[in-house]
Amino acid sequence: MSRSNQIYFDHPGDFGLWEQTCLPIGNGYMGASMFGGIKTERVVLNEKTFWAGGPCENRPDYYGGNHRDRYKYVKQVQELLAAGENKKAEELLPMLTGDGDFGTYLLLCDAVLDFELPEGEISGYRRCLDLDKSLYTCEFTAGDVEFRREAYASYPARVIAFRFTASQPGRLSFTLSLDKTHAASVTADNGTLIYSGAAEDNGMRFDARFTVTSDGEVISGDGKLAIRGASEAVIYFCAATDYEMKYPAYRTGTDPANITVPLIQTAERLGWEALYDEHFADYNALYSRVELHLGEEKELPADKLLEAYRAGDRTAMNRLETLYFSYGRYLLISSSREGSLPANLQGVWNESNTPPWCCDYHINVNLQMNYWGAYNTNLAETVPPLTDFLNSLREPGRVTAKEYYGIESTPEHPENGWTAHTQCSPFGWTAPGWEFYWGWSTAAVAWLMQNLWEHYEFTGNKEYLRDKIYPIMRESVQFYVQWLIYDEKQDRMVSSPTYSPEHGPATIGNTYEQSLIEQLFIDFLKASAELNTDPELSAKVREILPKLKPYHVGKTGLLKEWLEEDEPDFDRSKVQKNHRHISHLMGLYPGKQINRSRPELMQAAVATMNDRGDESTGWARAYKINLWARTGDGNRTYKLLKGLLESCTFQNLWDFHPPFQIDGNFGASAGIAEMLIQSHEGAIRLLPALPDEWKNGSFKGLSARGGFVVSAAWKDGLVSTLDITSKLGGKCTVLMPDGNGGESERTLELKKGETQSFTFTYSV
Ligand code: FUC
C-alpha cells in the first residue's frame, strides 16, 4: 500500500510566477513558499495575523465597516419589495452597503539567499514537497559538490526551520538578507537577524527573527547574515505580531518579541533533527490517518504529470488524483491549527501587499469550502481556528445586526443576534461590502453554522458542542428568528431583501437564504435537544420552520433560484446563464434537504446543474464535484474533477480561479471523499458516486457522521473489504453497491473503540 506522495520538479520555479511555481510549507501561524532557485533563492514569508486595516491611531473611527442606522433603508427596501415596487427598491440598494476601508492581508517579507557555488555544471536538480513527511527539499550538484536544502514548518514549536548542506566540508557559503520589507529595522547580530517594526497602515507591531547555527563562520552585520566555509547551516525562523483576536482593540499590547525570542531559543536548543521529529509526530498523527489508492500510478514531476493527465494517461491520472487529494489535506493541516486564524483565501501563503480580494475571509462560499474536507477526510482538529474566529465575530456582528437589521443586544437582551456579510477581516469586519451586488449576504452566517454543527455530527464531541459551537449557533438563530417576516403574497416566513451571491436581482425569500436558514433551524433543533436546553427558542424555531418553504420547481423543471422568476415582470437583466455560484443548491450540498427521499427536488437539482454547465472557475468546479457526488452520478462527478485538474490547476497543484484560490483545493479533496463515502442521509453509504475510471481502489481512514472511521477496498466497483471503527460506540447502517444495480444494507452495532472487519465476495 505504501507509496510516496511528492510534488516535485526537475527545475527551479520562477520568482515572477509565485502562485504557479512555488512550493508551500506552513504551520497555521506562518507560511513559507520556496522556488528552489539555485544561485539565488527567494522565500516568501507570511505570518497569518499580519494585516492592514482595523482599529488604530490612524483610524480612530473604526466601526467594523458599518454605517449607522442603515436598518431604516433595509426596512424601506423590504416594504417596497413587498409592494412589488422592485425598481424603487433597487434604487435604495446602494444604502445597504458598508465602508470601503477594509484592510488586507500583508506579505511579511521575502528572505533572499545568495549562494556561492563551485564552478561547473549543475546536474541532478530536484525540488520536492513531500506530503508524507511534511518536508520540502531542493537538491542538486554544482561542479563536484552536492547541495541539499530542506525546510519544514513545525506547529508544536511554532517555527520554520531551514537546513543547508554541502557534501564537502567548507563548500557551503551564502548570505541571508531580506527584501520587500515593511517599515522596520533589520539588524543582524551574533548569528541572529532581527526584522521588527510596525505595519504602516495600522501600527501593528511585528517581530521576525532568523537564528543561524553552522559549523562554518557566521558573520552578522549590515542587516545580513553571511555563512562562510560551512558544510551545514540551520536557520530557525519565527514571526509574530501584537494582533489579538479580541474585540474591540485587536491588540495584545505586548511586544511580539516576547513570543518569538523564547520559541527560537527552544527550537535552537532542540536542533534540526529533534525539532523535525516533534514536527513529524504532530503532523503525521493527522495526515497518516487517511490514504487513497486508485490503481497503478506513474511518478512524474508535477508539471509533466499535469501534461500527462491532460493527455489522458491513466496511470498519470491515478497519480494526480490521489496526490491532489492528499495535497488538500496537507494544505489544511499546514494552514489551520488551533491558535491560528483560519485558512484564508490563500491558506496562509501570500506574496503581495495587495493580494486578490485582500486574501480575506470570504463567507459567501470560500471560507465554508475551505473546511468542507475537515470532517470527511478526518481532520476535525483543523476546525478550532474557524470556530474561534466565528466566535470572535459575535461582538462586532451585534453592531452590524443593530445598524443594518435593527436587532439590538442590550443588557436586558444580551447576545441577541449577530451577523456578518460577504467579506470578513480579523478586525471584526462584519458589515456588508461596499457594493450591494456582492457585499450583501444575510444568510452567509447560517451557512457557516453548518461547518460548525457538522463537527458534532462527525465527532460527537458534546463538550465542544456545548462550550464552543452552540453559543455561536444559538445567537445566530436568535438573529434569524427576529429577522424573518411573514410575506402575505408568498404565504411564507421570509428573509427580505435577499440576494443570491453575486447573481441576479434582490428579491424576497430567495432559495439561497431560505434554504440556509432552514438547515440552520433543523440543526439548531437537534443541537438544543442534544444539550437539553433553550425550550423557548426551540419552540419558536419549530413554529417558523415549516413556513420557510425554500424549494420551488419552476416551469422549466429547474429548481428556482428566485421564487418570482417565472413571473412576467421578473428582472432577468442580472441573471447569467452559466454563473459560477449555484446558490440555490445549498440544500443538495453542503446541506441535506435535497436528497434521495425527495426525488422531485433531486431531479430539479440535476436539471439545474445541467443548465448551469460544467465549466467554471476553480472553486465553482470543486463545488460541482460535491454537488454531483450527492446525486450519485459518479461519471458526471468525475468529469468535474477532471475539468478542475485539467483547466484550473497550476503546475504546483494550487487551484486557480484565476488567480490562485485555495478553496478549490480544499473543495476538491472534500469532493473526492464524498465520491467514496457519504453519511448525510442517516446511513453510511460506500462508493456512492464511483466513476468507471476508478474500478479498483482502496481508501483508509475516511470519517462518517456518528464517529465512524471507515477503510475499504473495492474491485470492479464492488466493496471487497471493509473495516469500520466506532469512536463513540453505537449502531450504524452501511449501504453499498450489491452488484445488481442496487444496494445491500447491513446494520452494525459497535462498542466504543471497536473495529469490525468484513470481506465480501459477489456472484455477479
Ligand atoms: C466569491 C466569488 C468570487 C471569488 C471571491 C473571492 O465571492 O464569487 O468568484 O472567489 O469569492
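If R₀ is 30 angstrom, what is the calculated FRET efficiency for the pair Ser744 and Arg3, using the beta carbon separation as r and rounding to 0.05?
Here the calculated transfer efficiency is 0.45.
Which value in Å does the Kirkwood hydrodynamic radius of region 28-115 take, with 1/r averaged over all unlike C-alpha pairs and then inverted?
Values: mean 1/r = 0.0580 Å⁻¹.
Its Kirkwood hydrodynamic radius stands at 17.3 Å.
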Only Lys, Arg (+1) and Asp, Glu (-1) charged, at Cβ; region 693-759 dipole about Cα centre in debye: 340 debye
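Using a probe radius of 1.4 Å on heavy atoms only, what accessible surface per residue do you get for region 693-759? Whole Å² is fine. Before the final figure, lay out each step's value.
Working: 3130 Å² over 67 residues.
Using a 1.4 Å probe on heavy atoms only, each residue of region 693-759 averages 47 Å².
In whole percent, what relative contact order does region 194-335 give with Cα contacts below 8 Å and a gap of six or more residues?
Computed value for region 194-335: 16 percent relative contact order.
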Percent accessible area from carbon and sulfur atoms, region 476-545, protein chains only, probe 1.4 Å: 46 percent
For region 293-442: accessible area per residue (Å², 1.4 Å): 25 Å²
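Which of the peptides 476-487, 294-305 is most tightly packed, and how do the rest follow, judged by the mean count of other Cβ atoms within 10 Å per residue? Before the final figure, lay out each step's value.
Details: 476-487: 20.8, 294-305: 17.8.
Going by the mean number of other Cβ atoms within 10 Å, highest first, we get 476-487, 294-305.
Accessible area per residue, 1.4 Å probe, Å², for region 57-143: what's the number? Please report the intermediate quantities before stating the final value.
Details: 4070 Å² over 87 residues.
That works out to 47 Å² per residue.
Can you give me the % of accessible surface on region 693-759 that is carbon or sulfur? Probe 1.4 Å, all protein chains present, nothing else counted. Write down the numbers at each step before the final one.
Values: 1440 of 3130 Å².
Taking all protein chains in place, region 693-759 shows 46 percent carbon and sulfur surface.
Contact order normalised by length for the chain, with contacts defined as Cα pairs under 8 Å and 6 or more residues apart; what percent is it?
Details: 1803 pairs, mean separation 91.3, N = 764.
Here the relative contact order equals 12 percent.
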Mean Cβ count within 10 Å, highest first, over the residues of peptides 365-373, 166-174, 626-634: 365-373, 626-634, 166-174
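Decide, for region 578-690, between rounded, prolate and oblate: order the square roots of the alpha carbon gyration tensor eigenvalues as a ≥ b ≥ c, take rounded if a/c falls under 1.5, and otherwise choose prolate if a/b is larger than b/c, else oblate.
Working: a/c = 2.08, a/b = 1.50, b/c = 1.39.
Prolate, since a/c reaches 1.5 and a/b exceeds b/c.
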With -39,500 (n - 2.57) per DSSP H segment of 4 or more residues and division by the full residue count of the chain, the 222 nm estimate, nearest 500 deg cm²/dmol, is -9500 deg cm²/dmol
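Beyond 49 Å, what share of the Cα-Cα pairs of the chain is found? Please give it as a whole percent.
Numbers: 49949 of 291466 pairs.
Tail fraction, whole percent: 17.
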Label-point separation (nm) for Ala607 and Lys88, each offset 7 Å from Cα along Cα-to-Cβ? 3.6 nm
Along the positive direction of the dipole of the chain (beta-carbon charges: Lys, Arg +1; Asp, Glu -1; about the Cα centre), which of Val481, Ile227, Thr419 reaches farthest? Val481
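What relative contact order, as a whole-number percentage, does region 315-406 give when Cα pairs under 8 Å and 6 or more residues apart are counted? It would help to have the intermediate numbers written out before the result.
Details: 62 pairs, mean separation 29.4, N = 92.
Once normalised by length, the contact order is 32 percent.
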Within region 1-136, what whole-number % of the accessible surface is contributed by carbon and sulfur, with the 1.4 Å probe and all protein chains included in the calculation? 49 percent
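Inverting the mean 1/r over all pairs of different Cα atoms, compute the Kirkwood radius of region 693-759 and quote it in Å. List each step's numbers first, then the result.
Values: mean 1/r = 0.0808 Å⁻¹.
Final number for the Kirkwood radius of region 693-759 is 12.4 Å.
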A chain fully extended from Gln76 to Lys752 at 0.36 nm per residue, minus the present Cα-Cα distance, gains in nm 237.8 nm
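Using mean Cβ contacts within 10 Å as the protection proxy, how do 220-233, 653-666, 345-358, 112-125 order, highest first? Mind dumping the intermediate values first?
Details: 220-233: 18.0, 653-666: 24.6, 345-358: 21.9, 112-125: 14.3.
So the order, starting with the most tightly packed, is 653-666, 345-358, 220-233, 112-125.
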Once the in-chain neighbours fewer than 8 apart are removed, the lysines whose Cα is under 19 Å from Lys560 read Lys489, Lys547, Lys549, Lys574, Lys577, Lys592, Lys624
Can you find, among Thr40, Thr21, Asn86, the residue sitting farthest towards the positive end of the charge dipole of region 1-97, where Lys and Arg contribute +1 and Asp and Glu -1 at Cβ? Asn86
Check: the chain dipole with +1 on Lys, Arg Cβ and -1 on Asp, Glu Cβ, in debye: 1560 debye
What ³J(HN,Hα) values, in whole Hz, does the Karplus curve 6.51 cos²θ - 1.76 cosθ + 1.60 give for region 750-757 when θ = phi - 60°, with x put for Gly and Pro? 10, 7, 4, x, 7, 10, 10, 10
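The values are calculated or read from the model by the stated rules, or taken from the named source; none is laboratory data. Keep in mind it's a predicted model, so treat the numbers as computed, not measured. All Cβ positions, glycine included, derive from the backbone under ideal geometry; neighbour counts span all protein chains shown. The area values use the complete protein model at the heavy-atom level, side chains included, leaving out ligands, DNA and RNA. Shrake-Rupley method; radii C 1.70, N 1.55, O 1.52, S 1.80 Å.
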